[in-house]
Amino acid sequence: MVTKIYETRIQCPVQKLWDFHSNADALKILTPADTEIKVISTNNTVREGAVHTIKAKQFGLWITWKVQIKNVQAPYGFTDTALKCPMKSWTHKHEFIDDEGESILRDTITYEPPGGLIKKMINAMMIEDRVDALFKYRHHTARTMLETTTAHLNSALIDVNHGYVSDFELDSETEAVQ
């Protein structure tokens, strides 16, 4: 098993962090441009026992991820556990920690790579750097989105056929929080 922890301080209230991460459109925003994504399930609310299905295209191949939502503690976090994915196992714990009006975004990923006896080599050569890059991107994007005073998801900018975001909308008077 491999466990990775990613943590970022974000200048926003925990409720705003929860609202962002519990919105189905956020997954499209938090996915790097080199990965095409299609949300297959129709009810993607973050609620106890919900099952969400997505397809992600990487390196020309479509991969199905089916995860079950557990341990929902709004607005402080939830866990998704893969029922189907390319790993032998995958658990992603999302934590939103209140710190005097600001937030700490913490993602704890625990996974077991496929590959039997050579799984350590597969992880080192193909998986670990990709997971690190994904969560670095996610944390940077979440911080950028949430540290602006009136940033909000703009569904008109999401290309539903290709599952990517071209931009996010800011009101004309918006400035980044310093």
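The values are calculated or read from the model by the stated rules, or taken from the named source; none is laboratory data. Note that the structure is a prediction, hence the values are computed from the model and not measured. No Cβ is skipped: glycine too gets one built from the backbone with ideal geometry, and neighbour counts run over all protein chains shown.
Residue pairs, Cβ under 8 Å, 6 or more apart or interchain, first in the range 81-101 and within 22 Å of K120 (Cα to Cα) and in contact (Cβ under 8 Å) with a residue 12 or more places away in the chain, second among the small types (G, A, S) and surrounded by 15 or more Cβ atoms within 10 Å (Cβ to Cβ). List them.
If the second residue must be among the small types (G, A, S) and surrounded by 15 or more Cβ atoms within 10 Å (Cβ to Cβ), the pairs left are S89/A82; W90/A82; T91/A82.
Just for the range 26-53: of the residues that are in contact (Cβ under 8 Å) with a residue 40 or more places away in the chain and of a type outside the set (V, I, T), which one is farthest from P113 (Cα to Cα)?
If we take residues in the range 26-53 being in contact (Cβ under 8 Å) with a residue 40 or more places away in the chain and of a type outside the set (V, I, T), then A26 is farthest from P113 (Cα to Cα).
Taking the range 26-37 as the search range and keeping residues that are in contact with a strand residue (DSSP E or B) (Cβ under 7 Å, 6 or more places away or on another chain) and in a loop (DSSP other than H, G, I, E, B), which one is surrounded by the most Cβ atoms within 10 Å (Cβ to Cβ)?
T31
Anything in the range 100-152 that is part of a helix (DSSP H, G or I) and of a type in the set (D, E)? List them, or say none.
Matches in the range 100-152: E128, D129, D132.
Please go through the range 61-82 and pick out each residue that is among the aliphatic types (A, V, I, L, M) and either under 22 Å from R9 (Cα atoms) or within 17 Å of the chain's Cα centre (by Cα) (or both).
Hits for the range 61-82 are I63, V67, I69, V72, A74, A82.
Any residue that is farther than 17 Å from F20 by Cβ and at pLDDT below 90 - is there at least one of those in the range 93-111?
Within the range 93-111, none of the residues are farther than 17 Å from F20 by Cβ and at pLDDT below 90.
Report, ordered by the first and then the second residue, all pairs with beta carbons closer than 7 Å, sequence separation of six or more or different chains, a first member in the range 10-25 that is buried (at least 18 other Cβ atoms within 10 Å of the Cβ), and a second member that is assigned to a loop (DSSP other than H, G, I, E, B) and modelled with pLDDT of 90 or more.
Close Cβ pairs (under 7 Å, with a partner that is assigned to a loop (DSSP other than H, G, I, E, B) and modelled with pLDDT of 90 or more) amount to V14/P75; V14/Y76; W18/A74; W18/P75; S22/V46.
Please work out which residue is modelled with the highest pLDDT, limiting yourself to the range 44-91 and to residues that are exposed (fewer than 14 other Cβ atoms within 10 Å of the Cβ) and on the phi > 0 side of the Ramachandran plot.
N71
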